[in-house]
1. Residue check, residue 112 against (1) buried (at least 18 other Cβ atoms within 10 Å of the Cβ); (2) over 20 Å from residue 130 (Cβ atoms), all met but one. Which one?
2. If you take the residues of the stretch 25-40 that are under 22 Å from residue 98 (Cβ atoms) and in contact (Cβ under 8 Å) with a residue 12 or more places away in the chain, which of them is surrounded by the most Cβ atoms within 10 Å (Cβ to Cβ)?
3. For the stretch 61-82, what are the residues that are farther than 20 Å from residue 39 by Cα, touching a helix residue (DSSP H, G or I) at 6+ places or on another chain (Cβ under 9 Å) and either open to solvent by 40 Å² or more (accessible area, probe 1.4 Å) or touching a residue at least 40 places away in the same chain (Cβ under 8 Å) (or both)?
4. Which pairs do you get when a residue that is more than 25 Å from residue 140 (Cβ to Cβ), found in the stretch 12-24, comes within reach of a residue that is open to solvent by 10 Å² or more (accessible area, probe 1.4 Å) and part of a loop (DSSP other than H, G, I, E, B), reach meaning Cβ atoms under 7 angstrom, with the pair 6+ apart or on two chains?
5. Of the residues 141, 133, 129, which is among the hydroxyl-bearing types (Ser, Thr, Tyr), closer than 16 Å to residue 17 by Cβ and more than 11 Å from the chain's Cα centre (by Cα)?
6. Look at the stretch 104-132 and say how many of its residues are over 15 Å from residue 44 (Cβ atoms) and in a loop (DSSP other than H, G, I, E, B).
7. With the condition kept exactly as written, say whether any residue in the stretch 83-90 is in contact with a Leu (Cβ under 7 Å, 6 or more places away or on another chain), assigned to a helix (DSSP H, G or I), in contact (Cβ under 8 Å) with a residue 40 or more places away in the chain and open to solvent by 20 Å² or more (accessible area, probe 1.4 Å).
8. Cβ contacts < 8 Å: first residue touching a residue at least 12 places away in the same chain (Cβ under 8 Å), restricted to the stretch 122-135; second residue in a loop (DSSP other than H, G, I, E, B) and open to solvent by 30 Å² or more (accessible area, probe 1.4 Å), any location; separation 6+ or different chain. Result?
Amino acid sequence: GPEDLYFGLYRTPPILVYNMDAVAEEDAPHDWDDLLDERWRDQVLIRDPVASGTMRTIFGMILARSVADTGDTASGYEWLKRLDAQTKEYVHSPALLHQKMVRREGLVTMWELTDILFQRLRGAPLGYSFPTSGSPVIDDSIALVRGSPHAEVARAFIDWVGSREIQKLTAEK
């Protein structure tokens, strides 16, 4: 970042997610606009956007796309209104979102790739696709806050997590 005040550790794309036991891959959403299809009415689960940086990133992308296409946010807000009409529930936490998706309380959602890959390793029947029109990328960053009471330990952690060895491990696992 500017003046080396922070640095990015991981890059995570938001993706489209579906329950593979209930939705075939070819029938799953493959772009953001697919979520607005009538067949997904009351089947969309959304993580609470007030509490979720991932959802705010996606919603911000929708509004930015609107500005790029039309010069204002109106069509973006219309898109979000249509998504809201499709949404069965705004879920409080990522853990509940995953549980509800596995239990088929909703069949599709938008979430971030690393969480879904982790859930799949644990056996969750969650399929995903990268939206065909593109996706924003979330840069997860790290920094040492000035005046931290344990600055040396924090510095050691930052050095460790940013080391080639750990970056390679994270990329592979």
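The values are calculated or read from the model by the stated rules, or taken from the named source; none is laboratory data. Bear in mind that the values here come from a model prediction, so they are computed numbers and not experimental data. Please note: Cβ atoms are built from the backbone with ideal geometry, for glycine as well, and neighbour counts cover all protein chains shown. These area figures cover heavy atoms from the full protein model, side chains too; ligands, DNA and RNA do not enter into them. Shrake-Rupley method; radii C 1.70, N 1.55, O 1.52, S 1.80 Å.
1. (2)
2. To start, the set of residues in the stretch 25-40 that are under 22 Å from residue 98 (Cβ atoms) comprises 25, 27-30, 32, 34-35, 40.
Okay, now just the ones that are also in contact (Cβ under 8 Å) with a residue 12 or more places away in the chain, so 25, 28-30, 32, 34-35, 40.
Working: 25: 11, 28: 19, 29: 25, 30: 15, 32: 21, 34: 17, 35: 21, 40: 20.
Selected residue: 29.
3. Keep residues of the stretch 61-82 that are farther than 20 Å from residue 39 by Cα, which gives 61-77.
Imposing the further condition that a residue be touching a helix residue (DSSP H, G or I) at 6+ places or on another chain (Cβ under 9 Å) reduces the set to 61-67, 69-70, 72-77.
Correct list: 61, 64, 65, 67, 69, 70, 72, 73, 74, 75, 77.
4. The qualifying pairs are 19/104; 19/107; 19/125; 20/125; 21/125; 22/104; 22/107; 23/107.
5. Values: 141 fails: closer than 16 Å to residue 17 by Cβ; 133 fails: closer than 16 Å to residue 17 by Cβ.
From the options 141, 133, 129, the qualifying one is 129.
6. So the count comes out to 6.
7. Residues of the stretch 83-90 in contact with a Leu (Cβ under 7 Å, 6 or more places away or on another chain): 83, 86, 88-89.
Then drop every residue that is not assigned to a helix (DSSP H, G or I), which leaves 83, 86.
Right, trim to in contact (Cβ under 8 Å) with a residue 40 or more places away in the chain and you get 83, 86.
Restricting the remaining residues to those that are open to solvent by 20 Å² or more (accessible area, probe 1.4 Å) gives none.
No: the stretch 83-90 contains no residue that is in contact with a Leu (Cβ under 7 Å, 6 or more places away or on another chain), assigned to a helix (DSSP H, G or I), in contact (Cβ under 8 Å) with a residue 40 or more places away in the chain and open to solvent by 20 Å² or more (accessible area, probe 1.4 Å).
8. Close Cβ pairs satisfying both conditions: 125/20; 125/21; 126/20; 127/20; 129/30; 131/30; 132/30.
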